[in-house]
Amino acid sequence: MPYMAVSAKQQNRNKPQCFAPYKNLRIIIDCAEFQLERSSNLQQQSNTFSDYKHCNTGKVLIGISCYRGVSFVSSCFEGRISDKEIVLKSGLMDILEKGDTVMADRGFRLEEEMKNIGVTLIKPPDKPRKSAHLTARQEIQTKSIASVRIYVEHVIGKIKDWLILAHRVELMNNVYLEDFVLIAAFLYNFTRIYIGQEKDKKKEQSKKKD
């Protein structure tokens, strides 16, 4: 899934209420990690070892639109790669347009890179030092962003439910991991969970009014 067909301007026309506070929001991104069978090659073991997951993983950058459908899936990278590196190497920056807004977790330290291409990066405030606390404004901001970011986490969870991705990927299948993720993402976009959710919500609201 190499490109995002729906622009921020198009999404603004019929944006679900929860995304309304974020002007020109084009995509919400996060990384998904999939456990890999450990290779006998020591270099590969090192390259795929994830400090976050404490095991060998393949890492994929996934993005969703305001319609909660998957709009971007990167190639698969070795688990050692940082969130910042995977964005820069994924091709996402080439697709974004001036004026777009991107939402991400606090680990995506890309403020300067996004600013250089005219894109706004929204992420939770950095955690203060041990002796300090978030201000009331930062607490509100963190909760607001979390209420939107939860949708990309939900989508990643659904992709990981796909049988071949729900367990450790065998060594012989490592090279196909990005294909598995891409297929799972396409399948998610055609499930009733995605397509019907807004329609069902409108029906429920209509019933309540009656």
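Need the failing condition index for Val60 against (1) over 20 Å from Leu182 (Cα atoms); (2) not in a helix (DSSP H, G or I), just the number. Status for Val60: all satisfied but (1).
Pairs meeting the criteria (first residue in the range 72-91 and open to solvent by less than 10 Å² (accessible area, probe 1.4 Å), second residue among the aromatic types (Phe, Trp, Tyr), beta carbons under 7 Å, at least 6 apart or on different chains) are Gly79/Phe49; Ile86/Phe77; Val87/Phe108.
Each row is one residue, and each column tells you yes or no for (1) closer than 23 Å to Thr57 by Cα; (2) among the hydrophobic types (A, V, I, L, M, F, W, C); (3) open to solvent by less than 60 Å² (accessible area, probe 1.4 Å); (4) without any contact (Cβ under 8 Å) to a residue 40 or more places away in the chain.
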site	(1), (2), (3), (4)
Ile95	no, yes, yes, no
Glu113	no, no, yes, yes
Leu134	no, yes, yes, yes
Ile150	yes, yes, no, yes
Leu163	yes, yes, no, yes
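Scanning the range 120-153 for residues that are assigned to a helix (DSSP H, G or I), closer than 13 Å to Ala104 by Cα and not polar (S, T, N, Q) turns up Ile145, Ala146, Val148, Arg149, Ile150, Tyr151, Val152, Glu153.
Which members of the range 118-132 meet the condition of being within 20 Å of Ser71 (Cα to Cα) and either in contact with a helix residue (DSSP H, G or I) (Cβ under 7 Å, 6 or more places away or on another chain) or open to solvent by 20 Å² or more (accessible area, probe 1.4 Å) (or both)?
The answer is Thr120, Leu121, Ile122, Lys123.
A residue that is in contact with a helix residue (DSSP H, G or I) (Cβ under 8 Å, 6 or more places away or on another chain), open to solvent by less than 40 Å² (accessible area, probe 1.4 Å), assigned to a loop (DSSP other than H, G, I, E, B) and at pLDDT below 90 occurs somewhere in the range 33-41. One residue alone among Asp51, Asp30 is at pLDDT below 95 and acidic (Asp, Glu), and that residue is Asp51.
The values are calculated or read from the model by the stated rules, or taken from the named source; none is laboratory data. Only a predicted model underlies this, so the values are computations on that prediction, with no experimental measurement involved. Positions of Cβ are backbone-derived with ideal geometry, glycine not excepted, and every protein chain shown enters the neighbour counts. Surface areas here come from the heavy atoms of the whole protein model, side chains and all, with no ligands, DNA or RNA. Shrake-Rupley method; radii C 1.70, N 1.55, O 1.52, S 1.80 Å.
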